[in-house]
Each structure stands twice: as structure tokens, then as C-alpha cells.
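The values are calculated or read from the model by the stated rules, or taken from the named source; none is laboratory data. Computed from a predicted model, the values in this text were never measured in an experiment. Note: ideal-geometry Cβ built from the backbone for every residue, glycine included; neighbour counts use all protein chains shown.
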Amino acid sequence: MDLEHSFIKDNIEACRFTVICSGKGSGKSHLFLSFFKLFYMHKKYDKYILILPELETEIDKKYEFLRSLKDLIIYTEYDESIFIEAKEMSKQYKIFLCIDDATNIMFKNKNDEIITKIASTTRHGKGIALFLITHALSNILLPQVRALIDHLFIGVFGNMKIIKNSLYEENLSLIMKWEEFREMYVNNIVNREESHPFLYLNRKRQYDYNVHEWEMLQYYNKEIKPNGKAQIKEVNHKQIEYNKLKDDVRKSLIKKSLKPEKPKRLIVGKTVNL
């Protein structure tokens with residue numbers, strides 16, 4: 001089976017949850033931008049939402065071209081309100097949503113219910129294709145979220161414990177022995193580090209360690225001509241706090257309205273509360 005084309009087709013037709021996981025400087029952004037340019041240039045989604053914490057500080061300016069693209073919203077910080085906004089937009093539009101450098105963001109917010117909700121309902125409405133780019137899995141995504149990953153790209157890690165405990169045990173331990181996987185990973189990923197290799201794994205436990213040869217990676221060097229202006233949006237913290245306050249008041253009123261009255265006991269001549 002051609003896993004490259006099945007990956008592309010699955011994301012376009014069904015909107016899936018994809019994670020790119022690898023160590024620092026291993027080509028995660030290169031891989032992601034190849035995906036983004038492919039989907040954007042062929043107009044496979046209606047709206048694009050990117051959370052890019054390093055947009056203003058990146059040295060190589062790899063994301064600079066995004067500023068001149070239409071149908072694109074960029075945030076430089078995360079808040080669950082972004083996911084809520086994406087969920088609402090998906091009723092009308094097909095959405096491409098990505099969080100770059102998601103390690104710290106997801107670690108701090110891994111208990112947000114909205115993350116699990118988005119990951120488990122990507123096909124609802126017009127659909128949301130969710131991409132996370134991260135340095136780890138086990139400490140930033142809860143088990144129920146990791147179980148929802150449809151497509152996983154594993155890059156070079158220097159610590160074999162991370163590979164064995166977080167990636168192999170959860171994804172491939174039922175179809176191959178650890179030593180077999182270790183040999184495959186070392187020979188095809190670690191020993192090819194200079195070419196930024198990735199091991200691809202889908203939810204059917206099909207895998208490909210030649211991702212660096214996928215045709216879609218050629219899109220990284222393709223130029224997207226400016227066609228508009230991206231929306232660079234800031235998280236409205238005051239509005240978020242106001243909404244949370246309103247929600248707390250609403251919950252308090254609901255709780256108060258549902259609080260049962262104390263039963264009353266009838267005594268000759270008067271009624272008293274128990």
C-alpha cells in the first residue's frame with residue numbers, strides 16, 4: 001500500500017488527528033510545512049488556523065511567507081478559546097488547525113476537555129484536520145488523547161527509553177518484538193539523522209520508515225505567491241476572564257436552582273423546617 005497517498009487522502013476526505021513527534025532540530029517544521037503547502041496550494045481546506053509561538057522570534061523566518069496568505073488565522077499563543085472558535089467555524093468551513101512547538105502548550109493544558117473533544121470529533125461538521133508538532137508524547141498528551149492519534153510521525157530521539165516506553169509500547173508492541181523495532185529504528189532513523197528521517201505509523205499499525213523519500217516533501221521548496229493578508233490575532237485575555245466569570249456565575253445559579261429545599265414537618269398549629 002502507498003502509505004503516503006493514503007495519508008493525504010485520509011486527511012483530505014475525513015480530517016484526521018496527526019502528530020509529528022521528534023527531538024530538537026530533527027526536521028519537524030520542515031515536514032509540517034511540506035504538508036501545509038501541499039494542502040494550501042491545492043485548496044483542500046477552507047480555513048487555516050495556526051498557533052505559532054515563535055512567529056515573531058524565529059531566526060530563519062521560515063514562517064514569514066504565511067503573513068501574505070488569505071484564509072489564514074495565526075495566533076502566537078494558545079488558549080482553549082481558539083479550539084472552541086475552530087469548532088464553531090467547522091460548522092461552516094473545513095478547517096486545518098495546527099499547533100507548532102506544542103510541547104509546553106499541551107503540557108500546561110493537557111487536562112483541557114476541549115483538546116480531547118477536538119481530537120475525538122475531527123470529522124464532525126465540515127471537519128477539522130488537527131496537527132500537533134511536539135518533542136514528546138507521554139507527558140503532554142493524556143492516554144485517551146494519544147489513543148485518538150490517526151497518523152504519527154516519529155523522528156530522531158537520543159534517548160531510547162522515550163522510544164521504547166512512549167512510542168513502541170503504545171503503538172507497535174503487538175506486531176513486532178522490541179529488538180526488531182529497535183534495529184529498524186536505529187538503522188533507518190538514527191543512522192540517517194543528517195537527512196531528517198521520520199518513521200510513519202497509522203492507526204492500522206502500518207508503517208513506513210522512508211518518509212524522507214515521500215513526494216510531498218518537495219512542496220517545502222515550492223513558493224506560494226502572496227494572495228492576501230493573514231489575520232495575526234492575539235488571545236483576548238480580558239474577554240476570556242470575563243467569559244469564565246460569567247460561566248462561574250451561571251453554574252452557581254444553576255446549582256442554586258437545583259438545590260433541594262429542606263423537607264418540612266407539620267406540627268399542630270404550625271409548619272417548621274427540618
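Please work out if I128 is touching a Cys at 6+ places or on another chain (Cβ under 8 Å), surrounded by 14 or more Cβ atoms within 10 Å (Cβ to Cβ) and under 24 Å from Y207 (Cβ atoms). Break it down stepwise before answering.
Numbers: touching a Cys at 6+ places or on another chain (Cβ under 8 Å): yes; surrounded by 14 or more Cβ atoms within 10 Å (Cβ to Cβ): yes; under 24 Å from Y207 (Cβ atoms): no.
No, not satisfied.
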Practice task
Can you tell me which residue within the range 43-57, out of those that are in contact with a helix residue (DSSP H, G or I) (Cβ under 8 Å, 6 or more places away or on another chain) and not aliphatic (A, V, I, L, M), is surrounded by the fewest Cβ atoms within 10 Å (Cβ to Cβ)?
Solution key: K44
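Any idea which residue in the range 119-159 is nearest to the chain's Cα centre (by Cα), counting only those that are of a type in the set (S, T, Y) and closer than 17 Å to L97 by Cα? Lay out the reasoning, then the answer.
Of the residues in the range 119-159, the ones of a type in the set (S, T, Y) are 120-122, 134, 138.
Within this subset, residues satisfying the condition of being closer than 17 Å to L97 by Cα are 120-122, 134.
Details: S120: 11, T121: 12, T122: 11, T134: 9 Å.
Out of the qualifying residues, it is T134.
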Exercise for the section: Kindly indicate whether any position in the range 48-67 is charged (D, E, K, R), in a loop (DSSP other than H, G, I, E, B), closer than 17 Å to K229 by Cα and in contact (Cβ under 8 Å) with a residue 60 or more places away in the chain. Expected result: no
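Filter the range 132-174 down to the residues that are hydroxyl-bearing (S, T, Y) and at pLDDT below 85 and list them by number.
S138, S166
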Completion exercise
Note on K246: of the conditions (1) modelled with pLDDT of 85 or more; (2) farther than 30 Å from L38 by Cβ, unmet is (1)
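Looking at I95, I82, I74, can you tell me which residue is surrounded by fewer than 19 Cβ atoms within 10 Å (Cβ to Cβ), of a type in the set (A, V, I, L, M, F, W, C), within 16 Å of the chain's Cα centre (by Cα) and on the phi < 0 side of the Ramachandran plot?
Values: I95 fails: surrounded by fewer than 19 Cβ atoms within 10 Å (Cβ to Cβ); I82 fails: surrounded by fewer than 19 Cβ atoms within 10 Å (Cβ to Cβ).
Among I95, I82, I74, only I74 is surrounded by fewer than 19 Cβ atoms within 10 Å (Cβ to Cβ), of a type in the set (A, V, I, L, M, F, W, C), within 16 Å of the chain's Cα centre (by Cα) and on the phi < 0 side of the Ramachandran plot.
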